[in-house]
Structure formats: C-alpha cells, structure tokens
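The structure's right below; bear with me while I get my questions together.
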Amino acid sequence: MAVNQRWSLPGREKLLGEALQASREIWKDIQLALSDDKSDVPVEIRNNLLIVSVYAESKLEEISQFPDQEKMASLIDLTRSLAVSLRELRTAA
C-alpha cells in the first residue's frame, strides 16, 4: 500500500521492487501452507486459495514487468479481501 500511496514520488522503483519481493514470499508461504495435506483448511477452500495465489503471482510478475498503479491497487484489494475472508473463516472455526 505504501508503494501505491507514493507512486508519483522519487524512489518508487526501489519501494516497488521491495514490495513485490515481499508479496512473492508471502504468496509462496501461502501456497506451501495450503499444499500441506495436514492443513485444517477444507480441501475445496485450499484448492480455491491455491488458484487465487497463482493468479496473484501472475499479477506480481505483470506489475514487475510493466508497473501500473491501477494493477497494484487491484492486487492490494485482492490481498485485503483474502485476508478478511481468512480471518472470518478462522473466527467461524
């Protein structure tokens, strides 16, 4: 979100690179956790989340090749929505 808020300011490239790398690591961790058969998350939800993670990775790659503030905002929205949904799932469990 910090990159998106500072999109027009100097130093964006460095911030963007750091943010994209951190996001890649998070999505890889999510994929690793979801691929664990011992996970408490139901299989259907795990599979759907894996699909979302592959989509997110493709968007991260796209943004790294062709930086675009709108695409970055879209990825932020996706990540926030997923986080809220996972919190709700965890609370309901």
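The values are calculated or read from the model by the stated rules, or taken from the named source; none is laboratory data. Note that the coordinates shown come from a computational prediction; the quantities given were computed from them, not determined experimentally. Methodologically, a virtual Cβ is constructed for each residue, glycine included, from the backbone with ideal geometry; neighbour enumeration extends over all protein chains shown.
Residue by residue through the range 3-19, note down the ones that are closer than 30 Å to Ile45 by Cα and loosely packed, with under 13 Cβ neighbours inside 10 Å.
Residue satisfying the conditions is Glu18 alone.
Right, here's the next one. Regarding Thr91, is this residue of a type in the set (Val, Ile, Thr) and in contact (Cβ under 8 Å) with a residue 40 or more places away in the chain?
no
Another question about this same structure. Against the definition (of a type in the set (Gly, Ala, Ser), surrounded by 14 or more Cβ atoms within 10 Å (Cβ to Cβ) and over 17 Å from Met1 (Cβ atoms)), how does Ser53 come out, yes or no?
Values: of a type in the set (Gly, Ala, Ser): yes; surrounded by 14 or more Cβ atoms within 10 Å (Cβ to Cβ): yes; over 17 Å from Met1 (Cβ atoms): yes.
Against the criterion (of a type in the set (Gly, Ala, Ser), surrounded by 14 or more Cβ atoms within 10 Å (Cβ to Cβ) and over 17 Å from Met1 (Cβ atoms)), Ser53 qualifies.
Conditions tested, residue by residue: (1) under 20 Å from Glu13 (Cα atoms); (2) touching a residue at least 40 places away in the same chain (Cβ under 8 Å); (3) in contact with a helix residue (DSSP H, G or I) (Cβ under 9 Å, 6 or more places away or on another chain).
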residue: Trp27; (1), (2), (3): no, no, yes
residue: Leu34; (1), (2), (3): no, no, yes
residue: Ser39; (1), (2), (3): no, no, yes
residue: Ile45; (1), (2), (3): no, yes, yes
residue: Val52; (1), (2), (3): no, no, yes
residue: Glu57; (1), (2), (3): yes, no, yes
residue: Glu62; (1), (2), (3): yes, no, yes
residue: Met72; (1), (2), (3): yes, yes, yes
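Additional query: Looking for something of a type in the set (Asp, Glu) and at pLDDT 90 or above - is there at least one such residue anywhere in the range 3-18?
Yes, the range 3-18 contains a residue that is of a type in the set (Asp, Glu) and at pLDDT 90 or above.
Further question: Would you call Asn4 over 11 Å from the mean Cα position of the chain (by Cα), assigned to a helix (DSSP H, G or I) and touching a residue at least 60 places away in the same chain (Cβ under 8 Å)?
Yes: the conditions hold for Asn4.
How many residues does the range 26-48 contain that are closer than 17 Å to Arg90 by Cα, more than 11 Å from the chain's Cα centre (by Cα) and among the hydrophobic types (A, V, I, L, M, F, W, C)?
Summing the residues that are closer than 17 Å to Arg90 by Cα, more than 11 Å from the chain's Cα centre (by Cα) and among the hydrophobic types (A, V, I, L, M, F, W, C) in the range 26-48 gives 5.
Which residue out of Ala33, Ala22 is part of a helix (DSSP H, G or I) and exposed (fewer than 12 other Cβ atoms within 10 Å of the Cβ)?
Ala22
Could you list, in sequence order, the residues of the range 65-81 that are of a type in the set (Ser, Thr, Tyr) and closer than 18 Å to Gly17 by Cβ?
Thr79
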